[in-house]
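Reading through the structure tokens given below for one structure.
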Amino acid sequence: MLFNIHTTGIHYTDEIVEWAVLRKNRTGTEILREGTLPIPEGFFDHDDAPLFPADLLEHCRKTFRGVVTVSLPSSRLLMRVLELPSADPAELDAMVELQADQISPFPADQLTISYEVLHQTEDHSRVLAVAAPRKVVDELGDLFKKKNVYIRSLDAEILVWWSLLTTHREVPTEGRVLIILEEHTEFSIIVVDDGVPVSFRSLELFHNFTDPSVMAEIIEEIRYTLLSLEAEYGHNANARTEIWSQAEFPAELAQMFAELSPAGVTQHDLGTLPPLSEGLALRTADRRRHHTELVPREWVELQRRRQIMKIATVASIAVLCIWMAVVSVTGTVFAFKTASYNRVKKEAARYAGPAREAQSARAEKDSLEKYADRSHSALESLREVTVLLPDDLEINSFDYTKNKAIRLRGSAYDTTPIYTYFQRLGASALFTGIKNERQEKLRQNERSEGFSLTILLPEEATEETP
């Protein structure tokens, strides 16, 4: 897990709204913030009262983070435990969908249906199928949406209590246990056989537990529930009852439960368990494949599109900012280079006239030096050629080309003075070299050896024009 996962659980009764924000990462989970707000007295007394006091969200919605999960009261749900002959996820989905008529008498298009695996073997699954009226779900979603809070997950309140009990308390793993959950005026029942639930039920909201008729009705409902379980799971004569209540539980009602529970009755304070909102957030953070999810598929698709649009918007803004930054930097660099170029251009224009005058003066100077320099003139070259000439050698022709070469022709009685002359000319500092050396036989004036050669002169120095 590379990042933090944030979830927000929101739970409400007829008296309070509570929420918890949880953060989970590789080091564990922690509650970042939690709170409780009272519901205005008499809010739900009217027949047309909304499902949720949405105005209270104004006081706490800014603290919400991550996936927002809301619990649905058990009284709003239709629940049934199903025994299915498969453990394959795809087959379980299809089986639960086919048995929708056993969960609710209403058409499937008026419901949102989900399920949660309670126990599983290689070829068998016990699941709790849960259905919520679509009208209730849509109304709840609209109430939150008006306050800019988008519900990402809907969970069953009774399943959250079951998760808290199994996590923070030891649920008996042998025999039948009747778990009574009383929170404010919500009354729910979980029947457990050998540590695995076989029934979840919610009774109507009872506002007066001290009324004998109300207590009798509760016991009658529970008797009916236990009787209906005997056909499928058999009779258990050694059942026990565990009561988890928010307020003080009536002693007379507890005695009535004792008559149904040969193994005894144990009472617990529901307040010793973590808040249900915390359990909601934790279940969402630890979501498994077979986890009850009552949010309609359209909501998920809508939220997915909203998330994509949000990401696309942020990405577009980021790209635009980067583009503007690049344009700004490019403009700044271009302006700086333009200013530098103009400055250099002005400097060059200012010095161009004096530079041309200096160049012209230098050219005149070089020209004067060139014509004044007689070190490589024809006369100086002839003098050098004559000085280096051996006694027995005679020059017949002298052809001078300025700054290029001297072509000589001559003769001698034998080859010895010719070779000597070639060596002297090659060693002369006035010349750069000799080439095209050639000898020939002569029969003239008793001179029998002739020669011709080219003496290379230093080329005229040139310089690049700036």
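If I filter the range 127-140 down to residues being of a type in the set (V, I, T) and under 15 Å from R80 (Cα atoms), which single residue comes out as surrounded by the fewest Cβ atoms within 10 Å (Cβ to Cβ)?
So in the range 127-140, the residues of a type in the set (V, I, T) come out as 127, 130, 136-137.
Okay, now just the ones that are also under 15 Å from R80 (Cα atoms), so 127, 130.
Details: V127: 23, V130: 28.
Checking each candidate, the answer is V127.
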How many residues are of a type in the set (V, I, T) and free of Cβ contacts under 8 Å to residues at least 60 places away in the same chain when one looks only at the range 269-293? 1
Of the numbered conditions (1) surrounded by 14 or more Cβ atoms within 10 Å (Cβ to Cβ); (2) under 36 Å from the mean Cα position of the chain (by Cα); (3) closer than 20 Å to I151 by Cβ; (4) not β-branched (V, I, T), L118 fails exactly one; give the number of that condition. (3)
Quick one: what pairs do we get from the range 106-126, first residue under 12 Å from E83 (Cα atoms) and outside the structural domain of V198 (by TED's automatic domain parsing), second of a type in the set (K, R) and not in a loop (DSSP other than H, G, I, E, B), C-beta under 8 Å, 6+ apart or different chains? V117/R126; L118/R126; H119/R126; Q120/R126
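Looking only at the range 142-151, which residues are buried (at least 18 other Cβ atoms within 10 Å of the Cβ) and of a type outside the set (A, V, I, L, M)?
Of everything in the range 142-151, just one residue is buried (at least 18 other Cβ atoms within 10 Å of the Cβ) and of a type outside the set (A, V, I, L, M), namely F144.
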If a residue counts only when it is in the same structural domain as W161 (by TED's automatic domain parsing), which helices (runs of 4 or more DSSP H) contained entirely in the range 193-294 have at least 1 such residues? 276-285
Tell me which residues, restricted to the range 166-194, are out of contact with any strand residue (DSSP E or B) (no Cβ under 7 Å at 6 or more places or on another chain) and either crowded, with 18+ Cβ neighbours inside 10 Å or within 22 Å of V117 (Cβ to Cβ) (or both). T166, T167, H168, R169, E170, P172, T173, E174, E183, T185, E186, D194
Within the range 1-19, track down each residue that is of a type outside the set (S, T, N, Q) and within 26 Å of the chain's Cα centre (by Cα). M1, L2, F3, I5, H6, G9
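Does the range 44-90 hold any residues that are assigned to a loop (DSSP other than H, G, I, E, B), under 36 Å from the mean Cα position of the chain (by Cα) and within 22 Å of V136 (Cβ to Cβ), and which are they?
Step one: list which residues in the range 44-90 are assigned to a loop (DSSP other than H, G, I, E, B), which gives 44-53, 60, 64-66, 73, 77, 85-88.
Keeping just the survivors that are under 36 Å from the mean Cα position of the chain (by Cα) gives 52, 60, 64-66, 87-88.
Within the range 44-90, F52, F64 qualify.
Residue by residue, here is whether (1) surrounded by 11 or more Cβ atoms within 10 Å (Cβ to Cβ); (2) under 24 Å from L164 (Cα atoms); (3) of a type in the set (K, R); (4) at pLDDT below 90 holds:
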{"position": "V196", "(1), (2), (3), (4)": "yes, yes, no, no"}
{"position": "L205", "(1), (2), (3), (4)": "yes, yes, no, yes"}
{"position": "A237", "(1), (2), (3), (4)": "no, no, no, yes"}
{"position": "A247", "(1), (2), (3), (4)": "yes, yes, no, yes"}
{"position": "P274", "(1), (2), (3), (4)": "yes, yes, no, no"}
Which one of the conditions (1) surrounded by fewer than 19 Cβ atoms within 10 Å (Cβ to Cβ); (2) more than 23 Å from L84 (Cα to Cα); (3) among the aromatic types (F, W, Y) does Y233 fail to meet, given that it meets all the rest? (2)
Kindly indicate which of E182, E139 is modelled with pLDDT of 90 or more, among the charged types (D, E, K, R) and not in a loop (DSSP other than H, G, I, E, B). E139
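The values are calculated or read from the model by the stated rules, or taken from the named source; none is laboratory data. Only a predicted model underlies this, so the values are computations on that prediction, with no experimental measurement involved. Reconstructed Cβ throughout: ideal geometry from the backbone, glycine too, with neighbour counts over all protein chains shown.
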